[in-house]
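Okay, so here's the structure we're looking at.
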Amino acid sequence: QVQLVESGGGLVQPGGSLRLSCAASGSIFSIYTMGWYRQAPGKQRELVATRWSGGGTNYADSVKGRFTISRDNAKNTAYLQMNSLKPEDTAVYYCNYRDYKGDYWGQGTQVTVSS
């Protein structure tokens, strides 16, 4: 089993920044992907960004140039730096861990962008 603990959500004004963290613990494999997804009210969960063990990344078009995903492999922790936030970024953000065993999800953290 893998446990994920997220932190860093909150309320921020448009144009502001937030940094989300996700710490993984338990049966961590040496090769895995960590990423962030989000779900806004009434919408499906969507990919925000992922980062593979080798360092490759993938971003949703809507966040390219504004969000940056990073990982500290020694700490099994992923981060999502979110800059230039927009009201449409408002959602519950979920951390995802994926290895050969399957997918694990965090409990979600609320991000609200509003003036």
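The values are calculated or read from the model by the stated rules, or taken from the named source; none is laboratory data. Treat the numbers as computed from the prediction; the structure is a model and nothing was measured. The accessibility values were calculated without ligands, DNA or RNA, using every heavy atom of the protein model including side chains. Shrake-Rupley method; radii C 1.70, N 1.55, O 1.52, S 1.80 Å.
Here are the numbers for the structure shown:
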item	result
Extension reserve of the S115-T68 stretch, reckoned as 0.36 nm per residue once the Cα distance is removed	14.6 nm
Percent carbon-and-sulfur accessible area, the chain, ignoring ligands, DNA and RNA, probe 1.4 Å	48 percent
Relative contact order for the chain, counting Cα pairs under 8 Å that sit 6 or more residues apart, in percent	37 percent
GNM top mover of Q81, Q44, Q13 - the chain, alpha-carbon springs below 10 Å	Q44
Once the Cα gyration tensor of the chain is diagonalised, semi-axes √(5λ) in Å	24, 14, 12
Segment 71-115: mean projected area of Cα convex hull, nm²	4.2 nm²
For the chain: accessible area per residue (Å², 1.4 Å)	52 Å²
